[in-house]
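Written out below as structure tokens is the structure these notes cover.
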Number of protein chains: 2
Amino acid sequence: MDDLETQLQRFFPRLEPALRAELLQEATLKDLPEGEFIIRTGQYLKSSILLLNGLLKVYRQDEEGHEFLLYFLEPGHACALSMLCAVREEQSEISAQAVTPAQVLLVPMHVAERWLTKYPSWHMFVIGTYRERFEELLQTLDAVAFTSLDERLLFYLRKNQQFKGNQLRISHQQIAMELNSSREVISRLLKKLEQRGVLTLHRNFIELHQPA
Amino acid sequence: MDDLETQLQRFFPRLEPALRAELLQEATLKDLPEGEFIIRTGQYLKSSILLLNGLLKVYRQDEEGHEFLLYFLEPGHACALSMLCAVREEQSEISAQAVTPAQVLLVPMHVAERWLTKYPSWHMFVIGTYRERFEELLQTLDAVAFTSLDERLLFYLRKNQQFKGNQLRISHQQIAMELNSSREVISRLLKKLEQRGVLTLHRNFIELHQPA
DNA sequence: ACAGTTCTGTGACTTTTGTCACTGTGATGG
DNA sequence: CCATCACAGTGACAAAAGTCACAGAACTGT
């Protein structure tokens, strides 16, 4: 693993050098083991989160514990929600979890706030972050509103493939949760996809074919 | 109707006076008759949109013409999407339409951009706009993901009630479109709601009871 | 090797939504 | 006064998804 400064430069090239220097000063580096939560529903946040390494998944939960995947976060991106919540000093309405071991930078809210006027590039970065998340959210909404479960399942698998490769170690139960469905249904749909030759089912993992 | 300056002050009190003055200079005022589009899917936008008067609805459309209501926009608010699209110089992926006669201010993109660094209050306003729309979008997503059609229908009616009063002049077809369902289903569900005493069905309009 | 656990497969059934086909009814405009 | 039209109601059926109940397969630790 590179040193922090190199990583910053690699993943956040658009932040001006002075800002990157101050980031090193002000932000806290945090390592997340796989599965660790960085945000939990109902939690108060006081920092913005920048992702340096690994993969985070951001999802919503309702009162009865149903989950719902919103989007993945890759290195070089930031969690728009963390900025939202931080600004409003409100409870977060979402959860974020490390899918792989991950490294994040935590920028205290008051610092992030100050940078908005101090560094134009920070400002653009924040705006850009909102924009990107907004668009991903729209995509997700489209998927839910306009497509059936089997299409969404395929989309979900492809997305995971993109980040984790062809061998997905996910249980049907997991998938069901994230798509807000039930295990049996997912099992059946996966079976259909297997028959169509899209994938092969194994115990504890799913093998996706043709990355296309 | 008040003069423009008074309206600005009333609906956008948080914008600094100098900015309000410049708004009067740089922005174009536009009157929208009921039903007029201000954004259409596929259109290129070159302005940010601030709403002065009336009610706009913002919705998504898929390729086959299905609609999907995202949220309403009230006076004093701005369309986050218009800012998104404007910045990216991309095609808009949504439509916005005047539900009642409305008045909007159009701020050319390059001006809006310039203000970001020039006026802190503009900057905060833009951030705030993203934040609010983001949260509304999350709400909508929740509704779709976690609740059944009849709940969504009720929610939809309440929302309309909030803006348009107890007598809703909407056809079942209209509702079906906006909830991405079909007329027959909506008819049936409305019937059920009537039996539960929530509303009374009339020709061409629906009467909602207990504003609660 | 065995009990316990997790993951997966499956049949039968229900509920929810969507679709089709048709009817009725009020409004509007020649 | 009648043709037309948009709107609404409804029964019958189909499709999609969720639920229930079980069974078997693989993995775990002791």
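For the peptide B:135-143, the mean number of other protein chain Cβ atoms found within 10 angstrom of a residue's Cβ is 4. Placing +1 on each Lys and Arg Cβ and -1 on each Asp and Glu Cβ, with no other charges, gives the protein assembly as shown a dipole about its Cα centre of roughly 640 debye.
Entry note, segment A:148-208: relative contact order of 35 percent, from Cα contacts under 8 Å with a spacing of 6+ residues. Summary value for chain A: 21 percent relative contact order, contacts being C-alpha pairs under 8 angstrom separated by 6+ residues.
When accessible surface is computed with a 1.4 Å probe, chains B and A are found to bury approximately 3300 Å² between them, both chains counted.
Between B:His209 and B:Ser121, residue separation times 0.36 nm minus the direct Cα-Cα distance comes to 27.6 nm.
Sorted from nearest, the other copies put their A:Thr117 label points 1.6 nm away, the label point being 7 Å from Cα in the direction of Cβ. When +1 charges are put on Lys and Arg Cβ atoms and -1 charges on Asp and Glu Cβ atoms, the dipole computed for segment B:4-145 relative to its Cα centre reaches about 520 debye. Shape class for segment A:148-208: rounded, because the ratio a/c of the largest to smallest gyration tensor axis (alpha-carbon atoms, square roots of eigenvalues) is under 1.5. Rolling a 1.4 Å probe across the protein heavy atoms gives segment A:126-212 an accessible surface of 50 Å² per residue. Solvent-accessible area assigned to carbon and sulfur over segment B:148-193 amounts to 50 percent, based on a 1.4 Å probe.
As a fraction of the 1.4 Å probe accessible area of segment A:4-145, surface on carbon and sulfur atoms comes out at 48 percent. Counting Cβ atoms of other protein chains within 10 Å of each Cβ in B:113-122 and taking the mean gives 1. Once the chain from B:Gln9 to B:Glu74 is taken as fully extended at 0.36 nm per residue, the excess over their C-alpha distance is 21.9 nm. Ordering B:Gly65, B:Leu32, B:Ser82 by the projection of their Cα atoms onto the charge dipole of segment B:1-83, which places +1 on the Cβ of Lys and Arg and -1 on the Cβ of Asp and Glu, puts B:Ser82 at the extreme positive end. Placing unit charges on the Cβ atoms only, positive for Lys and Arg and negative for Asp and Glu, gives segment B:147-208 a dipole magnitude near 80 debye about its Cα centre. Lys/Arg Cβ at +1, Asp/Glu Cβ at -1, dipole of segment A:1-134 taken about the Cα centre: which of A:Ala102, A:Leu50, A:Ser121 is farthest positive-ward? Checking the options against the dipole of segment A:1-134, the answer is A:Ser121.
Spin-label model, B:Lys46/A:Gln25: points 7 Å from Cα along the beta carbon direction are separated by 4.3 nm. Counts of other chain beta carbons within 10 angstrom of each beta carbon in peptide A:3-11 average 0.
May I ask for the angle, rounded to the nearest 10°, between helix A:149-164 and the longest principal axis of chain A, with both axes built from Cα atoms and the value confined to 0 to 90°? Roughly 50 degrees between the two axes. Cα axis of helix A:183-195 to longest principal axis of chain A: angle in degrees, 0 to 90, nearest 10? Taking the Cα atoms of chain A, the angle to A:183-195 is about 70 degrees. The overall shape of the protein assembly as shown is oblate: from the C-alpha gyration tensor, with semi-axes ordered a ≥ b ≥ c, the ratio a/c is 1.5 or greater and a/b is no larger than b/c.
Simple rule: put +1 on each Lys or Arg Cβ and -1 on each Asp or Glu Cβ in chain B, find the dipole, and look at B:Pro17, B:Leu138, B:Gln210; the Cα lying farthest toward the positive end is B:Gln210.
Packing order of peptides B:25-32, A:176-183, B:104-111, highest average first: B:104-111, A:176-183, B:25-32 (average count of other Cβ atoms within 10 Å over each peptide's residues).
The label point for B:Phe155 and the one for B:Arg114, both projected 7 Å from the Cα toward the Cβ, are 4.2 nm apart.
Classify segment B:1-119 as rounded, prolate or oblate from the Cα gyration tensor: take a ≥ b ≥ c as the square roots of its eigenvalues, call it rounded if a/c is under 1.5, otherwise prolate when a/b beats b/c and oblate if not. In terms of gyration-tensor shape, oblate.
The values are calculated or read from the model by the stated rules, or taken from the named source; none is laboratory data. In this text the structure is predicted, and so the values were computed from the model without any measurement. Because the Cβ atoms are built from the backbone with ideal geometry, glycine has one as well, and the counts that use them run over all protein chains shown. The protein model used for the area step is the full one, side chains on, heavy atoms only, and it has no ligands, DNA or RNA in it. Shrake-Rupley method; radii C 1.70, N 1.55, O 1.52, S 1.80 Å.
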